[in-house]
1. I want the local charge near Ala139. Using Cβ-Cβ distances under 10 Å, sum +1 for each Lys or Arg and -1 for each Asp or Glu among the other residues.
2. Compute the Cα gyration tensor for segment 37-101, then decide on rounded, prolate or oblate, letting a ≥ b ≥ c be the square roots of its eigenvalues: rounded whenever a/c is under 1.5, prolate when a/b is larger than b/c in the other cases, and oblate in all that remain.
3. How tilted is helix 45-59 with respect to the longest principal axis of the chain? Cα atoms for both, answer in degrees (0 to 90, nearest 10).
4. Ignoring ligands, DNA and RNA, what accessible area per residue does the chain give at 1.4 Å, in Å²?
5. Counting every Cα pair in the chain, what percent are over 22 Å apart?
6. Against the longest principal axis of the chain, how steep is helix 89-101, in degrees 0 to 90 to the nearest 10, with axes from Cα atoms?
7. Helix 104-114 versus the longest principal axis of the chain: what angle, 0 to 90°, nearest 10, using Cα atoms?
8. For a quick size check, give me the Cα extents of segment 67-165 along its three principal axes, largest first, whole Å.
Amino acid sequence: MYYIIRIWILPAFVCCVHASGQLCSEDNVQTVGRVVFGEARGEPREGQIAVAYSIVNRIKHEGYPNSLTAVVNQTTETGGYQYHTLDLESHTQAWNEAKVEQTLEYNNTIEASRDVLCVGVKDPTTCATDFCALDPCPATASNPWWTTINKIKIGNHYFVCKVPA
């Protein structure tokens, strides 16, 4: 279940990346799956799809790198990954074990990632590039460069779209 908190009309350059086909490769599915596993395992399917779309939406957004690998590997000013669970050895270990054991959590995150990258399921956020489990947090707040719009709660995360301030 999700709640729409605010609706805005988005400029065409920000909105709605359709991923079907152009990003569909097993390497990309595994890369996105690792992020989804770390950030949203245990979340409802819609929340996992929303996290996967945060990567896809960043690729076409002017404020982020324009490739999947560059988006996933982008770091913060302090040197950590934008997707924080990539910094945690415990998450890497859990991912590796789940992958070897083919757990339900692993399979669900891979399925959600494949559905976003290869099938083109609908983006439940319409455009989100950022999310956070708490609101407000730096990821969901506006700043001098970006205004956050279309805030939506899916599962235990808040998702936002960003437009130039």
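The values are calculated or read from the model by the stated rules, or taken from the named source; none is laboratory data. Since the structure is predicted, the reported quantities are computational estimates derived from the model, not experimental observations. Heads up, the Cβs are rebuilt from the backbone with ideal geometry, glycines too, and the neighbour counts pull from every protein chain shown. To get the accessible areas, we keep the full protein, side chains included, count just its heavy atoms, and leave off ligands, DNA and RNA. Shrake-Rupley method; radii C 1.70, N 1.55, O 1.52, S 1.80 Å.
1. Summing Lys/Arg as +1 and Asp/Glu as -1 gives -1.
2. oblate
3. Helix 45-59 sits roughly 60 degrees off the main axis of the chain.
4. For the chain, the solvent-accessible area averages 50 Å² per residue.
5. Values: 4994 of 13530 pairs.
Of the Cα pairs, 37 percent sit more than 22 Å apart.
6. With both axes taken from Cα atoms, the answer is about 50 degrees.
7. It works out to around 50 degrees.
8. Sorted from largest, the Cα extents of segment 67-165 read 45, 33, 27 Å.
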